[in-house]
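Trainee: Would you mind keeping the following structure in view while I ask a few things?
The values are calculated or read from the model by the stated rules, or taken from the named source; none is laboratory data. For clarity, every value in this text was computed on a predicted model and none was experimentally measured. Note: ideal-geometry Cβ built from the backbone for every residue, glycine included; neighbour counts use all protein chains shown. These area figures cover heavy atoms from the full protein model, side chains too; ligands, DNA and RNA do not enter into them. Shrake-Rupley method; radii C 1.70, N 1.55, O 1.52, S 1.80 Å.
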Amino acid sequence: MDAPALRTLLLEVLAEREALEQTRSELEQLTVRQAQAQTVYQDEIRYKDAKIAQLTHEIASLRRYQFGKKGEQLSGIQGNLLDETVSTDIAAIETELEILSGHPLSRPANRPKRARLPEHLPRTEYRHEPDSTHCQCGCELLRIGEEVSEKLDYTPGLFSVERHIRGKWVCKQCATLKQAPVPAHVIDKGMATTGLLAHVLVAKYADHLPLYRQEAIFERAGMKLARSTLAEWVGTCGVHLQPLVDALRQAILAHRVVHADETPVQMLQPGSKKTHRAYLWAYAPGAFESLKAVIYDFTQGRAGEHARAFLGDWQGSLLCDDYSGYKACFTQGMAEVGCMAHARRKFYELHAASKSQLAEQALQHIGQLYEVERQVKDLDIDARRRIRQERSKPLADALHLWMKEQRARVPDGSATAKAFDYSLKRWSALTRYLDDGQLPIDNNHIERQIRPVAVGRNNWLFAGSLRAGKRAAAVMTLVQSAKLNGHDPYAYLKDVLTRLPTQPASRIDQLLPHNWQPQTP
């Protein structure tokens, strides 16, 4: 064999060897990926098993309370509120278990069957027929009957029934049976329309009507709905709406300016006749951000770890009061922005209590800063910053100098000294807005969003494991965010609950209040 042939043969051998090495490398990479996928799969299985065990234990505890000795339960209004939240929690847990397990749960044998809807209620028929009445074999299908399902609908003061009729079509030649598919519904085989579900949610979480009051209202309208049934609807809807809240959180944290505030709410647990203080936190994009939304987060306490858990690795400008729980956030890359309204409030309270002339002068100085803000609120970021630098910064510098001079003249520990100290110790955070046209002067935007909580706070006695509190926070998040975007909360929730069962997870953002467009009939 001559040299060129040997060289060619050697090159072919080297090429084959390189190809084999490449194949071996690809097989090794494939093996690694399969091992990683297997590890992820096993982790998911372990997580689901642990979550199922946790939920099973939780639902057993709630059922022990629900069917326990009457002497261990509460009576009166507190008992009504707790009973309905226990029923709601149980329905929510059952829904979560079905989602985790991937199949319907077996229901108790003695579970009451759904009663036939009253004949006197007006009915509207909706007919669902197959797109084609021809069999695959070419024959014309013959209609041999129909299946009828009824759903209860409600407009204020009036119940009605939707009759969904699905014709049955059969082929005489090959006995093929064909029907239109069952319309997707947020509660599988549920008797309530999405309109009725939306009404119950809005009445409970926007109009502050507990379920026992709604039960009485519905009975006056001619339909007796058990409170436990209403509770099941609320629990199931809460679980299905949670992905929207999670997506809204991500949308808020995509902005660089966020407001935060918190307010106490009483919580009552099964097995205990005492309440303890829990907290509802509120987070919203900056007042000058384009996104109009608010997120409520219910926690068992006020520790700063709850704020850090919500914000995660977000880094931006956080507007908040001087609560120490936020302080750890500012060591993790977040910038603290103080609230001038809180500083003003200290002097207002001092003036209201003692008619202090120093407090009155401080209020006049701060009022000048707010007058500039009223004039620049509708301007763009650059113009707002420029005018603040030209007009507000000299006013703030003069106020700061005046405060330091007056503080040196008042005794330590006095109410006047405390009012001055509040502002002087936080001056850098209070005036950070002067250098950034995207920052508002105060935290009033989030305080307005947390105000609805105070309206219905007397109705909120939450049952065990924070589940009911977090469910209330989730629904209130969607209700209040819908209002911020100019939507009717009822119309929004009705449409979202209608579309959720068929909405792809990749397009869940389309159903967020700031993106939502009513579905065309």
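Trainee: If one takes the longest principal axis of the Cα atoms in the chain, at what angle in degrees, from 0 to 90 and to the nearest 10, does the Cα axis of helix 227-252 lie?
Mentor: The two axes meet at around 60 degrees.
Trainee: Once the Cα atoms of helix 467-484 and of the chain are each reduced to a long axis, what angle between those two axes, in degrees from 0 to 90 to the nearest 10, is obtained?
Mentor: Approximately 80 degrees, to the nearest 10.
Trainee: Computed FRET efficiency, Cβ-Cβ of Glu26 and Asp131, R0 51 Å: what is it to the nearest 0.05?
Mentor: 0.65
Trainee: Express as a percent, rounded to the nearest 5, the fraction of DSSP beta bridges in the chain (both residues included) that run antiparallel.
Mentor: Bridges in the chain are about 70 percent antiparallel.
Trainee: Taking R0 as 30 Å, what FRET efficiency do you get between Ser149 and Ala491 from their Cβ-Cβ distance, rounded to the nearest 0.05?
Mentor: Given R0 = 30 Å and the Cβ-Cβ separation, E is 0.75.
Trainee: Moving on. What spacing in nm lies between the two simple spin-label points modelled at Trp427 and Leu10, each 7 Å away from Cα in the Cβ direction?
Mentor: 8.3
Trainee: A further question on this structure: Restricting to bridges with both residues inside segment 92-236, how much of the DSSP beta-bridge set is antiparallel, in percent to the nearest 5? Walk me through the numbers before you get to the answer.
Mentor: Numbers: 16 of 23 bridges.
Beta bridges within segment 92-236, antiparallel portion: roughly 70 percent.
Trainee: From the Cα gyration tensor of segment 234-312, with a ≥ b ≥ c the square roots of its eigenvalues, which class applies: rounded if a/c is under 1.5, or else prolate if a/b is larger than b/c, or else oblate?
Mentor: Oblate.
Trainee: Go ahead and collect, in residue order, the members of segment 401-420 whose backbone nitrogen is under 18 Å from a label point 7 Å along the Cα-Cβ direction of Ser354.
Mentor: Counting backbone N atoms under 18 Å from the label point, the list is 403-420.
Trainee: Where does the chain land at 222 nm, in deg cm²/dmol rounded to the nearest 500, when only DSSP H runs of n ≥ 4 count, each adding -39500 (n - 2.57), divided by all residues?
Mentor: On the way: 15 runs with 260 residues, N = 521.
-17000 deg cm²/dmol, from helical runs alone.
Trainee: Which whole-number value in Å² is the accessible area per residue of segment 1-66, probe 1.4 Å?
Mentor: So segment 1-66 comes to 83 Å² accessible per residue, rounded to a whole number.
Trainee: Protein chains only, probe 1.4 Å: how do Glu84, Glu140, Glu146 rank by accessible area, largest first?
Mentor: Details: Glu84 5, Glu140 105, Glu146 80 Å².
Accessible-area ranking of Glu84, Glu140, Glu146, largest first: Glu140, Glu146, Glu84.
Trainee: What order do you get for 418-428, 195-205 when each peptide is scored by the mean count of other beta carbon atoms within 10 Å, highest first?
Mentor: With the highest mean Cβ count within 10 Å placed first, the list reads 195-205, 418-428.
Trainee: Ranked highest first by average number of other Cβ atoms within 10 Å, how do 208-216, 24-32, 380-388 line up?
Mentor: Working: 208-216: 18.2, 24-32: 10.0, 380-388: 15.9.
Descending packing order for the listed peptides: 208-216, 380-388, 24-32.
Trainee: Something else: Treating the angle as unsigned and between 0 and 90°, give the value, to the nearest 10°, between the Cα long axis of helix 357-376 and the longest Cα principal axis of the chain.
Mentor: With rounding to tens, the tilt is 50 degrees.
Trainee: Still on this structure: Kindly write out, for segment 186-203 in residue order, the coupling ³J(HN,Hα) from the Karplus curve 6.51 cos²θ - 1.76 cosθ + 1.60 (θ = phi - 60°), rounded to whole Hz, with x marking Gly and Pro.
Mentor: 5, 10, 4, 6, x, 8, 8, 6, 5, x, 5, 4, 5, 4, 5, 5, 5, 5
Trainee: Given R₀ = 35 Å, what would the calculated FRET efficiency be for Arg448 paired with His400, taking r from the Cβ atoms and rounding to 0.05?
Mentor: Calculated value: 0.80.
Trainee: Which shape class applies to segment 349-478: rounded if a/c is under 1.5, otherwise prolate when a/b exceeds b/c and oblate if not, where a ≥ b ≥ c are the square roots of the Cα gyration tensor eigenvalues? It would help to have the intermediate numbers written out before the result.
Mentor: Values: a/c = 2.74, a/b = 1.45, b/c = 1.89.
Because a/c hits 1.5 or more and a/b fails to exceed b/c, segment 349-478 counts as oblate.
Trainee: What part of the accessible area of the chain, given as a whole %, is carbon or sulfur when the probe is 1.4 angstrom?
Mentor: That fraction is 52 percent.
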